[in-house]
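*Asks:* Starting off with a structure, shown below.
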Amino acid sequence: MGRLGKQPYLLPFVLITSLFFMWGFAISMLDVLNKHFQDALHVTKAQSGLIQLAVYGAYFLMALPTGYFMQKYSYKRVILVGLGLYATGAFLFYPATQIATFEFFLMALFVLGCGLAIIETAANPYVTVLGKPAGAATRLNLAQSFNGLGVILGPLIGGLLLFAGHPEDMVSLVSIRAPYLVIGMLALSMLFVFYTVDLPEIQSEGNASYETTEDPRATASIFRQKHFVYGIVTLFFYVGAQAGVWAFFINYAVEEASGMTNQKAAFYLAAAMVAYTIGRFGGTWLMQYFSPRLLLLVYAVLAILSIGVVLAQLGIVSVYALILSCFCMSIMFPTVFSLGIRELGSGTKRAGSYMIMSIVGGAVFPPLMGWVADATQTSFAFFMPLICFSVVLWYGWSGYKKRSV
């Protein structure tokens, strides 16, 4: 924890890191819902992609207002609002299982997504300023590593609860209640904890004059930084790849591997999340010896190669390659995020909001991949992640460089 700098930052870092774990679980549960709703509610793959549209679309809508709210008030107040919406969305799953319509589930997911968007918009930049600037990428990767622990539990619990019985039975929808009630209660508990704890408000290095004003020069200033603009574009493609791979992992495994069931595929997805988490912790450790940009390059190359094997349709070998791609994705978001907002001084909060808006890529690519999968087959849809990882490779090679226009 030496990279946190001052000891008073330790408790805030621990509390913020717990939020990374919580939204990791919520996000990974989405990918089990895709296949579950295809079976239980008889929706197409393209329609099931609307699950990601509901959640990731909320990121696009909420990120910028959250940034302005942070400037006027504080990180703490933003987090409290986010936790409140997070809990509300989770609790809405109870009436959704009674009404049993896909549209009501999408509404609940949108509310939950708004909460996630607000929390993540605040948490990512806050972690980067909780200590010395030189350790920002390492701190963010460490916090995101606990996000990886959360994403492991989603497919495991989802596979056990949602694919244990007959998908045509309405009981399969009722089984969704328990995990989302637990999520809602956990969010309310965290809201109480954050309400009672003081979080320090920390200025980013540089002139703080724009942090408390609506001066348009602040926005204009950060958009003159090419590494920031390219970072937004790169995260759009990266999150699109991540959401698409995870959303159709179960479909791909069932279709390509002989004897693969929905539940078994969900457990393979959990194994992919384990690989994702190992990649996060391993990447954080490696950043002590190698630059984050170099690791980003290596992971991007491996991701492209693994998706190539997925496209080759080699049965269970391709499923393992898909798991490898999840390992490769592990450090991409926090590394691109930290490279994109570095040295922006007083514009860090506003820049963080725009970076989070790029998560809308996760709303765009899954429906497109679902449409391709419906029209052809699931494997063909993975050409899209191949393109996305190529963009990440470019950013690590050239786009990260700090240049002004």
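What follows is calculated from the coordinates using simple rules that are stated; it is not laboratory data. Everything quoted here is computed from the prediction, not taken from an experiment. Heads up, the Cβs are rebuilt from the backbone with ideal geometry, glycines too, and the neighbour counts pull from every protein chain shown.
*Asks:* Suppose R0 equals 41 Å; then what is the FRET efficiency for Arg293 and Ala375 from their Cβ-Cβ distance, rounded to the nearest 0.05? Write out the running numbers ahead of the final one.
*Replies:* Working: r = 38 Å, r/R0 = 0.93.
Once rounded, the FRET efficiency stands at 0.60.
*Asks:* How much length is gained on full extension from Val301 to Ile316, taking 0.36 nm per residue of separation minus their Cα-Cα distance?
*Replies:* Extending this stretch completely gives an extra 3.2 nm.
*Asks:* Here is a further query. About its Cα centre, what dipole magnitude does the chain give when the only charges are +1 on Lys and Arg Cβ and -1 on Asp and Glu Cβ, stated in debye to the nearest 20?
*Replies:* With only Lys, Arg, Asp and Glu charged at Cβ, the dipole is about 1300 debye.
*Asks:* Let me ask something else about it. Going through the stretch 347-405, which trypsin sites (Lys or Arg not before Pro) have at most 16 other Cβ atoms within 10 Å and a DSSP loop state?
*Replies:* Here the trypsin sites (Lys or Arg not before Pro) that fit, given the DSSP loop and packing criteria, are Lys401, Lys402, Arg403.
*Asks:* Still on this structure, I have one more. By count of other Cβ within 10 Å, fewest leading, how are Glu201, Glu256 ordered?
*Replies:* Taking fewest neighbouring Cβ atoms as first place, the list is Glu201, Glu256.
*Asks:* Can you bin every Cα-Cα distance in the stretch 4-146 into 5 Å intervals starting at zero and give me the percent of pairs per bin, rounded to whole numbers?
*Replies:* Result, from short to long distances: 2, 10, 18, 19, 18, 13, 9, 6, 4, 2, 0 percent.
*Asks:* What are the radius of gyration and Dmax of the stretch 83-193, computed over its Cα atoms and given in Å?
*Replies:* Computed over the Cα atoms of the stretch 83-193, radius of gyration and Dmax are 16.7, 54 Å.
*Asks:* Using the 10 angstrom Cβ neighbour count as an exposure proxy, how do His42, His227 rank, fewest first?
*Replies:* Final ranking by Cβ density, sparse to dense: His42, His227.
*Asks:* Running a GNM on the chain with Cα contacts under 10 Å, which residue among Phe110, Phe25, Phe192 ends up with the highest mean-square fluctuation?
*Replies:* Top of the fluctuation ranking is Phe192.
*Asks:* Enumerate the helices in the chain for which the Kyte-Doolittle hydropathy averages 0.0 or more and the C-alpha atoms extend at least 18 Å along the helix's axis, using complete DSSP H runs.
*Replies:* 10-40, 50-72, 75-91, 102-129, 136-162, 177-196, 226-247, 262-286, 292-311, 316-329, 361-375
*Asks:* On a full-extension model of 0.36 nm per residue, what is the gain between Tyr94 and Arg224, subtracting their alpha-carbon distance, rounded to one decimal in nm?
*Replies:* 42.1 nm is the gain from fully extending Tyr94 to Arg224.
*Asks:* How far apart, in nm, are the 7 Å Cα→Cβ label points at Tyr68 and Lys132?
*Replies:* 3.8 nm
*Asks:* While we're looking at this one, here's another question. Given points 7 Å out from each Cα along the Cα-Cβ axis, report the Thr44 to Ile387 separation in nanometres with one decimal.
*Replies:* My value for the distance between the label points is 1.9 nm.
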